[in-house]
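Only one structure is covered here, and it is reproduced in the block below.
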Amino acid sequence: MSVHLSDSLLAVLSRATRAVAFTGAGISAESGVPTFRGADGLWNKLKPEELASMDAFMKNPALVWEWYVHRKTIMAAIVPNEGHRALVRMERHFAEFAVVTQNIDNLHRRAGSTRVMELHGNIERNYCMQCGKACPDVAVVTDRGIPTCPACGGRIRPDVVWFGEMLPDDEWEAAVRATERAEIFFSIGTSGVVYPAASLPLMARQAGAYVVEINPDPTPLTPRADEFLRGPAGMLLPAICEELEQCRQKRGR
Ligand code: OAD
């Protein structure tokens, strides 16, 4: 599939050595993971404060776990799509390439991206709230539906960032460093309304990167991006990748 890319984007693609792909739920939509906002968004049907916050967990851990077990099951059954795979191909053409994701579905790593910063955690991991030990196996569920730590008996929680919680320091700092170094920054499949993650595209722009947004619908970032490519990531990213590969081949001749 060929997509028309502007001359300025092609020029940046042919010379850039450092890039960041910042992703949100939209990149996984074509794998069958529901997004959060929009007509069919999860947060239209469910209340985040009742399912994705420490308060909710303290009030009703069994309900929160039921929801996460349900999401874990969905996410274990899906596979990366063309969009995830295009980012793996893209990585080979830059000296520095980072995927900074808000997604917890692990699809970038499963696709083969090697440098992934997970700002909101990873649903495949869990840890004990009492001793901090990682606990991958939540099959250890009590009859009340709450997994407990085999080492200390404390409550286990999913290793995801809930509303009102800080982002993991190391992931955030690495994401900011990569963003500030990027010459080209792709914002892909995110509504750009959840902070601090949503500040990254603007940070990139301020640091001099060429900011490209990929989304079927405009977002608050659209008027501030250098380029808005309208459409699904699973179609646009492979097309950009092809152009990138052609630019690099021409330069190598
Ligand atoms: P949203 O659900 O807010 O936004 C998804 C975006 O993807 C929308 O702008 C859609 O238009 C776009 N989209 C849909 N299909 C697409 C496709 N095929 N290709 C490209 N884009 C597509 O999801 P996020 O921006 O990721 O936080 O939400 C940010 C955070 O809000 C999440 O990480 C989560 C949520 O509450 C936490 O859980 C902490």
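Of the helices (runs of 4 or more DSSP H) lying entirely inside the stretch 13-101, the ones with 1 or more residues being within 15 Å of the chain's Cα centre (by Cα) are found at 25-29, 61-77, 82-91.
Counting the residues of the stretch 1-48 that are open to solvent by less than 50 Å² (accessible area, probe 1.4 Å) and more than 16 Å from the ligand (Cβ to nearest atom) gives 10.
The set of residues in the stretch 44-90 that are β-branched (Val, Ile, Thr) and within 30 Å of Glu245 (Cβ to Cβ) comprises Ile78, Val79, Val88.
With respect to the stated conditions, Arg115 fails to be within 16 Å of the ligand (Cβ to nearest atom), charged (D, E, K, R) and open to solvent by 10 Å² or more (accessible area, probe 1.4 Å).
The values are calculated or read from the model by the stated rules, or taken from the named source; none is laboratory data. What you are looking at is a predicted structure, and each value in this text was computed from that prediction instead of being measured. Cβ atoms come from the backbone with ideal geometry, glycine included; neighbour counts cover every protein chain shown. For the accessible areas, the whole protein counts, side chains as well, though only heavy atoms, and no ligand, DNA or RNA atoms are used. Shrake-Rupley method; radii C 1.70, N 1.55, O 1.52, S 1.80 Å.
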